[in-house]
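Structure first, commentary second.
Read-outs: derived from the displayed coordinates by stated rules, not from any lab. If you're wondering where the values come from, they're calculated on a predicted model, not measured in any experiment. When we count neighbours, we look across all protein chains shown, and the Cβ atoms used for this are built from the backbone with ideal geometry, even at glycine.
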Amino acid sequence: MRYALAAVILAAATGAHSEALPAPVQAAVAEARASCQPEPTRIGSGFIRRQDVNGDGIPDYVLSYEAVSCPDTGHLNCGSAGCLTQVFASTGAGYTKVLDENVQEVRFRTIKRRPAMLLGLHGSSCGKAGSEACGATLYWNGAKFSPAH
C-alpha cells in the first residue's frame with residue numbers, strides 16, 4: 001500500500017504515470033524514489049521533463065534531481081557542482097542514458113543544424129576554481145552527445 005501511494009504521489013508530482021515511461025526512465029525513477037529509505041522521498045514538480053533533445057521528433061526525458069529531497073537530509077544529489085541531471089534520449093534501440101552527472105544547468109539548442117546540449121559546470125570541470133564559469137557544448141552524433149570534432 002505504501003509503495004502504491006508513493007507511485008500515485010510521484011505520478012502527480014511529475015505529471016507522468018510511471019507505467020507510460022520507458023524502462024530505463026522507470027528504473028531511474030524507482031531509484032530516486034528509494035533514495036531516502038526508510039524515510040519517504042519527496043519528489044516535487046519538475047523532476048521529469050519531456051523534451052525532444054536529439055531532433056528525431058520523439059520525446060526524450062530529462063530528470064532533474066533538484067526536485068528530489070529527503071525529510072532529514074534535504075537534497076542528496078546537489079552540491080556546489082549543481083544537481084544530478086539524467087538525460088534519456090530515444091535511439092533506434094530504445095532509450096539510452098546520455099547524461100548522468102551533476103550540472104549547474106542543462107539546455108538544449110540547435111547549433112549549425114545539429115542538436116546540442118549546453119552544460120553549465122563547476123569550474124573544476126574546466127581546470128578553474130569552483131566558482132568560476134565553466135561550460136561545455138556537446139553535439140548529438142546519432143547515438144550520444146559528444147564534443148565537436
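Of note:
- Backbone phi angles across segment 117-130, fed through the Karplus curve with coefficients 6.51, -1.76 and 1.60 (θ = phi - 60°), yield HN-Hα couplings of 10, 9, 10, x, 10, 4, x, 5, 5, 10, x, 10, 5, x Hz in residue order; Gly and Pro are listed as x.
- Additional length obtainable on full extension of the chain from residue 144 to residue 118, 0.36 nm per residue less Cα span: 8.0 nm
- Taking other residues whose beta carbon is less than 12 angstrom from the beta carbon of residue 59, and scoring Lys, Arg as +1 and Asp, Glu as -1, yields -1.
- Here r is the Cβ-Cβ distance between residue 56 and residue 34 and R0 is 30 Å; the resulting FRET efficiency, rounded to 0.05, is 0.45.
- Each residue, residue 45 and residue 26, gets one label point 7 Å from its Cα in the Cβ direction; the gap between the two is 2.7 nm.
- Taking 7 Å steps out from each Cα toward its Cβ at residue 136 and residue 100 produces label points 1.5 nm apart.
- Annotation: amide H-H contacts under 5 Å for residue 99 (H modelled 1.01 Å from N, sequence separation of 5 or more, or interchain): 87.
- Total formal charge among the other residues, if their Cβ is under 14 angstrom from that of residue 141, Lys/Arg +1 and Asp/Glu -1: +3
- Degrees between helix 23-33 axis and first principal axis of the chain (Cα, 0 to 90, nearest 10): 60 degrees
- Over the Cα atoms of the chain, the radius of gyration divided by the Kirkwood radius equals 0.99; this is the Rg/Rh ratio.
- Per-residue [θ]222 nm for the chain (sum of -39500 (n - 2.57) over DSSP H runs n ≥ 4, rounded to 500): -5000 deg cm²/dmol
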